[in-house]
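The values are calculated or read from the model by the stated rules, or taken from the named source; none is laboratory data. A quick note: this is a predicted structure, and the numbers were derived from the prediction, not measured. Heads up, the Cβs are rebuilt from the backbone with ideal geometry, glycines too, and the neighbour counts pull from every protein chain shown.
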Amino acid sequence: MGTKVTAVIDFKDTFQGQLKLREGVLNIGLADHEARPYDLLQGALVACLHSTFLDILEKKRMTIEFAHYEVEGEKRDEIPTTLKSVHVLVTLPRGNEEALTKSMELAKKYCSVFNTISQVAQMSLEIRFK
């Protein structure tokens, strides 16, 4: 049996809710200070990808100073408006470019959220070094 995952979310009679996590509360809604559904999905994608990337780096006894991610998705016009494509741009520090690229490619392969979204969307990953 697989690992159980849960979420607790309470909504008012409008689209204003709270995602209740062990770490705190995240407001969900349409206001500027609230997370929208695709914000949450893209955040989950990057969090999973980066966590997997760090696990791989740890096994290789490597560290990085930073990682910067930008995610852009395009939704289909037809209903249900699932994602058509998702592009992840990651910027990593210079030095060990080959090893970091291989590690990020492995992270892409093993990240469960990346693989889940890839069932409905064309996924791409671009790595830049700064």
*Can you name the residue in region 95-130 that is more than 25 Å from Tyr38 (Cβ to Cβ) and aliphatic (A, V, I, L, M) and, of all such residues, is surrounded by the most Cβ atoms within 10 Å (Cβ to Cβ)?*
Leu100
_List the residue pairs whose Cβ atoms are under 6 Å apart, where the first residue sits in region 40-67 and is in the same structural domain as Ser118 (by TED's automatic domain parsing) and acidic (Asp, Glu), the second is surrounded by 13 or more Cβ atoms within 10 Å (Cβ to Cβ) and at pLDDT 95 or above, and the two are 6 or more positions apart or on different chains._
Glu65/Pro93
*Filter result (assigned to a loop (DSSP other than H, G, I, E, B) and either surrounded by 11 or more Cβ atoms within 10 Å (Cβ to Cβ) or touching a strand residue (DSSP E or B) at 6+ places or on another chain (Cβ under 8 Å) (or both)) within region 61-94*: Met62, Ile64, Phe66, Ala67, Arg76, Thr81, Thr82, Pro93, Arg94
